[in-house]
Amino acid sequence: MKKTSTFQNGLIWFGAGVSLAEILTGTYFAPLGFQKGLLAIIIGHLIGCTMLFLAGVIGGKTRRSAMETVKMSFGEKGGIFFSFLNVLQLVGWTAIMIYDGALAADGVLHTGSWVWCLVIGALIVLWIFIGITNLGKINTIAMAALFILTLVLCKLIFFDGGTALAIGEEAMSFGAAVELSVAMPLSWLPLISDYTRDAEKPTQATWVSVLVYGAVSCWMYVIGMGAAIFTGEYDIAVIMVKAGLGIAALIILVFSTVTTTFLDAWSAGISAESLSAKLNGKKTAIAVTVIGTAAAILFPMDDITGFLYLIGSVFAPMIAVQIADHFILHRDRFAAAADARNLVIWLVGFIAYRLLMGVDTPVGYTLPDMVLTVVLCLLAEKAKPTKQM
């Protein structure tokens with residue numbers, strides 16, 4: 001397969017970061033106030049992007065897809081289990097992204113959100129047909145347009161929005177806000193190796209990908225939070241319509257949705273190949289887009305916080321086990337049918353995350369849960385060292 005340059009990887013993850021879902025998630029931070037909200041966003045992204053980087057390095061150095069790297073810790077059948085969960089979350093993300101994009105686009109040009117679901121779905125399918133390594137100039141032009149329009153959006157909110165409005169009682173604790181910030185980079189964790197494995201310079205590409213995504217994602221969160229604080233408006237489309245952006249508003253809403261959701265659908269196809277060699281990645285990606293489009297038309301998806309926390313509870317302990325195995329213990333269980341020990345440790349980590357959701361910590365739930373999971377991996381290896389296969 002054709003190798004991707006570091007610049008191409010940077011563009012891919014810029015597109016992942018410019019997301020309406022991230023802007024909308026940022027609006028939840030408004031009750032914290034700007035300074036406290038910004039701190040929660042930065043702390044959460046530092047935690048989440050560190051995990052994202054380590055996951056990308058594993059895939060880049062081993063030249064394996066994200067779900068293939070999972071097999072290095074959980075074995076063949078264990079990897080299939082996580083591949084299945086990953087495909088499910090990616091179908092969910094595809095539907096959510098199309099839903100959000102269509103709802104916002106309909107706020108600009110009132111044709112019915114179902115029409116925009118179909119338009120966005122069709123564009124994602126077109127992106128899939130072109131392919132990740134062939135987007136080239138198309139992706140560069142799209143990213144440049146999105147960059148300029150997000151700058152315009154920032155001006156509208158922070159320079160034309162007026163003074164900060166009165167803030168009511170905090171809707172969530174600081175720890176919960178940190179976790180909501182961790183959740184977005186964590187949701188990309190089961191995908192990043194699908195792109196770093198094909199990079200010309202894997203480690204460099206991973207650094208650039210994570211730094212670009214982290215910076216842009218924080219930017220999107222701040223735009224959402226700023227919109228709610230300085231304009232009192234939670235609907236970005238309304239802000240752009242009031243400013244008379246019109247077609248420009250449609251471009252940023254539709255193309256930001258397409259460039260982000262394309263990655264979800266594409267990686268769903270790659271993960272599906274880990275489930276069965278009979279499945280074709282590109283065809284599966286198209287099928288996921290069709291299913292996501294149908295779900296976006298049929299079901300309301302206005303509050304995604306529960307979905308984000310569920311993703312964290314599944315994938316935080318998973319990557320913690322991978323980090324312990326790859327970077328500390330140097331275990332490789334790729335040839336094993338299943339690694340029961342790591343699956344049990346993951347289950348303990350999953351349950352611990354759900355329990356931690358009832359405890360307010362200043363760093364959220366992911367970091368304490370991952371520390372616990374890594375410690376369990378080290379204790380288990382000390383108690384019973386792994387025999388080399």
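Within the range 44-91, count every residue that is among the charged types (D, E, K, R), assigned to a helix (DSSP H, G or I) and surrounded by fewer than 21 Cβ atoms within 10 Å (Cβ to Cβ). Spell out the reasoning first.
Of all residues in the range 44-91, those among the charged types (D, E, K, R) come to 61, 63-64, 68, 71, 76-77.
Right, trim to assigned to a helix (DSSP H, G or I) and you get 61, 68, 71, 76-77.
Then drop every residue that is not surrounded by fewer than 21 Cβ atoms within 10 Å (Cβ to Cβ), which leaves 61, 76-77.
Result for the range 44-91: 3.
Pull up the range 345-386, narrow it to residues that are out of contact with any helix residue (DSSP H, G or I) (no Cβ under 8 Å at 6 or more places or on another chain) and small (Gly, Ala, Ser), then point me to the one that is most open to solvent (accessible area, probe 1.4 Å).
Per the stated criteria, the residue is 383.
Of everything in the range 333-352 that's among the aromatic types (Phe, Trp, Tyr) and modelled with pLDDT of 95 or more, which residue is nearest to the chain's Cα centre (by Cα)?
Start the filter on the range 333-352 by keeping residues that are among the aromatic types (Phe, Trp, Tyr), which leaves 334, 346, 350.
Okay, now just the ones that are also modelled with pLDDT of 95 or more, so 346, 350.
On the way: 346: 21, 350: 19 Å.
Here the answer is 350.
Do any residues in the range 19-34 that are closer than 17 Å to residue 252 by Cβ have Cβ atoms under 6 Å from those of residues that are in a loop (DSSP other than H, G, I, E, B), where the two are at least six apart or on different chains, and which pairs are they?
The qualifying pairs are 27/234.
When the residues of the range 28-43 are filtered to those that are open to solvent by less than 10 Å² (accessible area, probe 1.4 Å) and part of a helix (DSSP H, G or I), which remaining residue is modelled with the lowest pLDDT?
30
The values are calculated or read from the model by the stated rules, or taken from the named source; none is laboratory data. What you see is a predicted model; the values in this text were computed from it and never measured. Using ideal geometry, Cβ is built from the backbone for each residue, glycine included, and neighbour counts are taken over all protein chains shown. SASA here: full protein model, heavy atoms, side chains in, ligands and nucleic acids out. Shrake-Rupley method; radii C 1.70, N 1.55, O 1.52, S 1.80 Å.
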